[in-house]
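Working notes, structure below.
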């Protein structure tokens, strides 16, 4: 029983970590996103769509409805796979891939847990 409670706490911590990280990067540090998308030669409309999806999925992931949270975690995981592929395509150094890899792994863990939290 204690293990289940510990897992539940860890999953909730992960959910709020993801929400906070995405909010910070896409709202507080938005100018860095604008710069990065320009460096990658990606269009503004794609940046805006990605931002809407990321913020929406981040809100979904902290939902009290487990199904909504799982959809949010899957959405973040998929977007992070796309981010990793983009980093590989533009040949970024490994350290620049660490944030998207971390969010992908954590989101995948939340999705795969599938437990009622």
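No value in this document is a laboratory result; all are computed from the given coordinates. Being a predicted model, the structure only gives us computed values, none of them experimental. With ideal geometry, Cβ positions are generated from the backbone for all residues, glycine too; neighbour counts draw on all protein chains shown.
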Between helix 98-113 and the chain: long-axis angle, C-alpha atoms, 0 to 90°, nearest 10: 30
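Below 8 Å, C-alpha to C-alpha, sequence gap of six or more: please give me the relative contact order for segment 2-113 in percent. Write down the numbers at each step before the final one.
Numbers: 94 pairs, mean separation 30.0, N = 112.
Answer for segment 2-113 is 27 percent.
Could you order peptides 25-34, 52-61, 90-99 by the average number of other Cβ atoms within 10 Å of their residues, highest first? Before the final figure, lay out each step's value.
Values: 25-34: 12.8, 52-61: 18.7, 90-99: 11.1.
Per-residue mean Cβ counts within 10 Å order the peptides as 52-61, 25-34, 90-99.
What order do you get for 63-75, 4-16 when each peptide is scored by the mean count of other beta carbon atoms within 10 Å, highest first? Please list the in-between numbers first.
On the way: 63-75: 16.5, 4-16: 13.6.
The packing order, highest mean first, is 63-75, 4-16.
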Degrees between helix 30-39 axis and first principal axis of the chain (Cα, 0 to 90, nearest 10): 50
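Given R₀ = 35 Å, FRET efficiency for residue 59-residue 2 by Cβ-Cβ distance, to 0.05? Working shown, then result.
Details: r = 31 Å, r/R0 = 0.87.
With R0 = 35 Å, the Cβ-Cβ based efficiency is 0.70.
Can you give the percent of C-alpha pairs in segment 1-67 whose distance is more than 16 Å? Could the numbers behind the result be given before it?
Details: 1227 of 2211 pairs.
Counting every Cα pair in segment 1-67, those more than 16 Å apart make up 55 percent.
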Value of Rg/Rh across the chain [Cα atoms, Kirkwood radius]: 1.01
